[in-house]
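All remarks here apply to the structure that follows.
Only the coordinates and a few stated rules stand behind these numbers; no lab work does. Computed from a prediction, not measured in an experiment: that's the story for all the values here. Reconstructed Cβ throughout: ideal geometry from the backbone, glycine too, with neighbour counts over all protein chains shown.
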């Protein structure tokens, strides 16, 4: 991690369901994303698909020697940080699935998405936090370990702990959650912390920094310190609002389930 | 073209039809190919697929400045060369489809593939001609234009002509064809030259070299000079055994047809 994306290649498997205009629209979206992230579309392939649409994108990037960050560099007493907020994409998915099940069989149905734009966007249009990488560089902070949160915070934390041979403590009241996520979890009668820990598809950055960077990282916008790294023997725990500790389990998203 | 492959990334879409042993076997094949070609498998992704199996591989390579060859560099009087032989993969496909249609509905059926191993292998296990790139380098030949033949010789020649703003003449009696390909075309009562020109999936290299490299390139094993580059106004033609000229048309493989 901590590199810069430079090029992408795009391979498509397209079925008969799609017409040329669909593909043109798709490509214009890809071009827009390329412009925003400053990457070039340099190649790829197009094949026929029996059903649906298959999209495979490879991103090629550059990292400076000594600045590339792995999962294996977290050290005891390091601070654990996340960018943005968590659980919103998962609640967006819940909302989409609810409206879809209501829609089934109905003719003139307008799904009710008002005031829920944020969680929908988090599910449908995730953004890569290239800005955070730039911010960290500007602030002179070199994370000791880093990965993106695609399978859920709990699962990713366990990855870093395992690769770095450490443990971790994170604090429930420090986990950043947007109010729309909270409102939606309330409506669905779902546990908000579970959504934030295991929801997945957030595409935020999880990283650790040396304790000495505390003031610098705390002052940065859009980054929250949620806990700290411990000895491996101490395991991976969430400290609840009541002070109770719950062991973190990797209930992360499994696309094959 | 004319670079060296270094890394691949592999993305899979897997449906329920496949078990973990299938994937292990697949990966061991990928590993074998990586070993043979001297590339590293450095990343990728695995997703669920509703049907079948989707495989997307991106290859990343290196080229030396000044030695990278494009489609646009062919010059008048250059020699047109191809590696290996053409049309075999297409005849292999015909054979597979014939045996499949005979197999339909039959219980104890053993397809008749004896003596046809070569054309089957050309269809089922194409090889990238990394060896030719190395041979050319050793012989001190820098091609002026190069591409691989995946959609058929005719189609690729027209690509090079268009990009280089030239024309071409190739000679029917110079096109390299394996005897198994010829036997199969005879059996199927198919035009052998059509199979070689438009069959596709050969994955051989098509390239042009300066006329001054004639002796060097002629002496190389597994490379055949099949024609020469002309002015653009002279078009793209195949010169038949009888001396008659037929314009080349891009009837190349189209996966969406």
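Select from A:108, A:202, A:85 the residue whose mean-square fluctuation is largest in a Gaussian network model of chain A (Cα-Cα springs shorter than 10 Å).
A:108
For an R0 of 22 angstrom, estimate the FRET efficiency from the Cβ-Cβ distance between residue A:6 and residue A:28 and round to the nearest 0.05.
Approximately 0.55, to the nearest 0.05.
Enter the Cα centre distance for the pair the range A:151-194 and the range A:119-143, rounded to the nearest angstrom.
18 Å
Take the Cβ-Cβ distance between residue B:101 and residue B:242 as r, set R0 to 30 Å, and report the resulting FRET efficiency rounded to the nearest 0.05.
0.25
Rounded to the nearest 5, what % of DSSP beta bridges with both residues in the range A:4-62 are antiparallel?
55 percent
How much length would be gained if the chain were fully extended between residue B:214 and residue B:64, taking 0.36 nm per residue of separation minus their Cα-Cα distance, in nm to one decimal?
51.6 nm
Run the label-point distances for residue A:247 please: 7 Å along Cα to Cβ, every other copy, nanometres, shortest first.
With the label placed 7 Å along Cα→Cβ, residue A:247 yields 7.6 nm.
May I ask you to work out the translational diffusion coefficient for the range B:79-247 at 25 °C, viscosity 0.890 mPa s, via Stokes-Einstein with Rh from the Kirkwood sum over Cα pairs, reported in whole µm²/s?
145 µm²/s
Choose one answer from A:224, A:75, A:138: the residue with the largest mean-square fluctuation in a GNM of chain A with alpha-carbon springs under 10 Å.
A:138
What is the antiparallel percent of DSSP beta bridges lying wholly in the protein assembly as shown, to the nearest 5?
So the antiparallel bridges in the protein assembly as shown amount to around 75 percent.
Rounded to the nearest 0.05, what FRET efficiency do residue B:173 and residue B:77 give with R0 = 30 Å and r taken as the Cβ-Cβ distance? Could you check?
Result of the calculation: an efficiency of 0.90.
In whole Å, what three semi-axes, largest first, describe the equivalent ellipsoid of the range A:126-177 built from its Cα gyration tensor (square root of 5 times each eigenvalue)?
Semi-axis lengths for the range A:126-177 are 20, 15, 12 Å.
Determine the shielding of peptide A:51-61 by partner chains: average, over its residues, the number of Cβ atoms on other chains within 10 angstrom of each Cβ.
The mean count of partner-chain Cβ atoms within 10 Å per residue comes to 5.
Show that you can apply the helix-only estimate: for chain A, add -39,500 (n - 2.57) for every DSSP H stretch of four or more residues, divide by all residues, and state [θ] at 222 nm to the nearest 500.
Mean residue ellipticity, 222 nm, calculated: -10000 deg cm²/dmol.
Would you work out the Kirkwood radius for the protein assembly as shown? I mean one over the mean of 1/r across all pairs of different Cα atoms, in Å.
27.1 Å
Sort shortest first the distances from residue B:140 to its counterpart in every other copy, using label points 7 Å along the Cα-to-beta-carbon line, and give them in nm.
Counterpart label points of residue B:140 in the remaining copies fall at 5.6 nm.
Where is the GNM fluctuation largest for chain A (alpha-carbon springs, 10 angstrom cutoff): A:71, A:17, A:241?
A:17
Does the range A:1-118 come out rounded, prolate or oblate, given a ≥ b ≥ c as the square roots of the eigenvalues of its C-alpha gyration tensor, rounded meaning a/c under 1.5 and, failing that, prolate meaning a/b above b/c?
Judged from the Cα gyration tensor, the range A:1-118 comes out oblate (a/c at least 1.5, b/c at or above a/b).
Sorted from fewest to most neighbouring beta carbons within 10 Å, what does the list B:181, B:230 look like?
B:230, B:181
Please report the antiparallel percentage of the DSSP beta bridges confined to chain B, to the nearest 5.
75 percent
Mark the label point 7 Å from the Cα of residue A:121 along Cα→Cβ and return the residues of the range A:71-113 whose backbone N is within less than 20 Å of it.
In the range A:71-113, the label zone of residue A:121 (backbone N under 20 Å from the point 7 Å along Cα→Cβ) covers A:83-97, A:111-113.
What whole-number distance in Å separates the alpha-carbon centres of the range B:71-92 and the range A:65-111?
After rounding, the separation between the Cα centres reads 50 Å.
Order by neighbour count: A:18, A:103, B:207, fewest other Cβ atoms within 10 Å first, most last.
Ascending number of Cβ neighbours within 10 Å: A:103, A:18, B:207.
Let me know the mean shielding of A:37-46 by other chains, meaning the per-residue number of their Cβ atoms within 10 Å of its Cβ.
1
Tell me whether the range A:195-257 comes out rounded, prolate or oblate; compute the Cα gyration tensor, take square roots of the eigenvalues as a ≥ b ≥ c, and use a/c under 1.5 as the rounded threshold.
It comes out oblate by the Cα gyration axes.
Find every distance from the label point of residue A:40 to the corresponding label point in the other copies (7 Å from Cα along Cα→Cβ) and write them in nm, one decimal, shortest first.
Here the equivalent label points are 2.4 nm apart from this one.
So what's the Cα pair-distance distribution over the range A:4-62, bin width 5 Å, in %?
In order of increasing distance, the bins hold 5, 17, 27, 24, 15, 9, 3, 1 percent.
Report the relative contact order of the range A:79-247, percent, no decimals, based on alpha-carbon pairs under 8 angstrom and at least 6 residues apart.
In percent, rounded to a whole number, it is 42.
What percent do you get for the relative contact order of the range B:128-217 when only Cα pairs under 8 Å and 6+ apart count?
Computed over the range B:128-217, the figure is 53 percent.
So for B:242, A:22, fewest C-beta neighbours within 10 Å to most, what's the order?
Fewest to most other Cβ atoms nearby, the residues stand as B:242, A:22.
Place a point 7 Å from Cα of residue A:187 in the direction of its Cβ. Which residues in the range A:98-133 have their backbone N less than 15 Å from it?
A:98-103, A:110-123
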